[in-house]
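Here is the structure we will look at, set down as structure tokens.
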Amino acid sequence: MSIHQVTPSEINAITSLGFVIEINGGITADAFVNRDFTGLNIKEFAQQIESNLQPIAEDVIRRKIVLNDEVPPKLVISYITTNIMDADHRLLFKRTFTKEVDTVHVKHDFLALPEAARGKRLGRKILQICLQHYLEMGVSKINVHAALETGGYEWTKAGFRATDPAEMAKILNDARSALTAAQFTLVKKLYDDYYGKEPAGNAFPIIEWSGLPFMKSILKNNDWHGELDLTNSEDLFNFKEYANG
Amino acid sequence: MLTDNKEFKEEGFLGDETFQSREQEIAHLCRIIQSTVARKVFTFQEALDSYEVTREEYDYYQAKNFISEAREVFDTLSEKENVLAYINTATIFLSIRFNDFHYKGLDQDFSKAISVLKRLSRKVEEKAALHDID
């Protein structure tokens, strides 16, 4: 399969969708993407975001792509409605791509849908679209700060591994207070199995906690930082299954 | 501006917590069960109970995976090899499946089924050998 090359006319097509493109550095947008984010079909990505999110937007949309030609180079795509303080009606989508030495990492900054659009698998469709582009451009890691409401629970099921031991110790402590002794023993066994071997480990398989039915409400009430390694076949499989699930 | 991640995070307000089907959810849980049992964190029964998966659901998941993996292999084989591989696989699968303690009462019937499959396998092999000579 040939690697997609972004052209100036594709950049024009993106701006005609309503995206504002900001470039920090003396380089054109197409040259910047082709040099540092090789393989990203940014026009197709922008069109897919537009066609899936525009119909559910309940306020004016701010579409923006920021290209920072710094060290390391960054590319930020955001699609956000102006009612950002209205948790029931706002639409937030933001991804930050960072060029590392010979790979690309992506940060899932925000994804929130208006209440009326939730529960219709649109979130997973967006993940599928993202994953398609991540794989095409050889993204190796996805980072997330899972937080608030369902986020602390939702992202566990996608296979993200928890990176901060202190956050996991806090969740373990919450479990100790909220669960029966028998339930807590199971939670603790999973914790000990990982942190017993890796006290400062940054890849705790929180997915194993989230599969325990009694952990759902505890995880929903916590936030944690996670990372998904797309070069790890197990992580990639879990993420694909979640996105398609 | 949405630059302060202290206030705005990847919230996951998706409402897509559940899988589309119970089968997908079971597959998700069975993968977790396999991993925790393989690492000896839980015993098999403890894992089934903890993740609320029944033995039947787990067996169904295993069988489906087994068949799907076997089919992937069969697709790479010639027609003759395919027949033999299929019969051998069915024999092995039946042995594994029904040697399980849950099915002890049915051992006799399944032993018969396995021996029939073995005989059939031998006959196919003999015919295939004759075909090669021809």
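Structure values in brief
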quantity: Euclidean distance of C-alpha centroids, the stretch A:1-34 and the stretch A:212-245, integer Å; calculated: 32 Å
quantity: Cα-centred dipole magnitude for the stretch A:202-245, charges only on beta-carbon of K, R (+1) and D, E (-1), debye, nearest 20; calculated: 260 debye
quantity: Cα centre as origin, Lys/Arg/Asp/Glu Cβ charges: chain A dipole, Debye; calculated: 480 debye
quantity: Rounded tilt (10° steps) of A:165-178 against the dominant C-alpha axis of chain A; calculated: 50 degrees
quantity: Computed P(r) (all Cα pairs; the stretch A:176-219; 5 Å bins; percent); calculated: 5, 22, 31, 23, 15, 4
quantity: Rounded to 10°, Cα long-axis angle of helix A:42-53 versus longest principal axis of chain A; calculated: 60 degrees
quantity: Tail weight of P(r) past 14 Å, computed on alpha-carbon pairs of the stretch A:154-245, percent; calculated: 63 percent
quantity: The stretch A:97-218 shape via C-alpha gyration tensor axes, a/c threshold 1.5; calculated: oblate
quantity: Paired Rg and Dmax values of chain A, which use every Cα atom, in angstrom; calculated: 19.3, 63
quantity: Tensor-based shape of the stretch A:93-133 (alpha-carbon gyration tensor, a/c under 1.5 rounded, otherwise prolate or oblate); calculated: oblate
quantity: Restricting the stretch A:79-130 to trypsin sites (Lys or Arg not before Pro) in coil, as DSSP defines it, with at most 13 other Cβ within 10 Å; calculated: none
quantity: Kirkwood hydrodynamic radius (C-alpha pairs) into Stokes-Einstein, the stretch A:1-143, 10 °C and 1.306 mPa s, D in µm²/s; calculated: 102 µm²/s
quantity: Ratio of Rg to Rh over the stretch A:14-88 (Cα coordinates, Kirkwood Rh, two decimals); calculated: 1.01
quantity: Positive dipole terminus of the stretch A:123-227, leading residue within A:GLY211, A:ILE129, A:ALA146 (C-beta point charges); calculated: A:GLY211
quantity: Dipole magnitude (debye, nearest 20) for the stretch A:114-218, charges at Cβ of Lys, Arg, Asp, Glu; calculated: 320 debye
quantity: Calculated [θ] (222 nm, deg cm²/dmol) that DSSP helices of n ≥ 4 give over chain A, each run adding -39,500 (n - 2.57); calculated: -12500 deg cm²/dmol
quantity: Between the stretch A:103-121 and the stretch A:74-95, the Cα center-to-center distance that results, in Å; calculated: 9 Å
quantity: Cleavage-rule hits, GluC sites (Glu not before Pro), the stretch A:1-95, DSSP coil, Cβ neighbours within 10 Å at most 15; calculated: A:GLU70
quantity: Cα long-axis angle, helix A:181-195 against chain A (0 to 90 degrees, to the nearest 10); calculated: 50 degrees
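Quick note: the coordinates plus some simple rules give every number you see, no bench work behind them. Only a predicted model underlies this, so the values are computations on that prediction, with no experimental measurement involved. Glycine also receives a Cβ, built like all others from the backbone with ideal geometry; neighbour counts cover every protein chain displayed.
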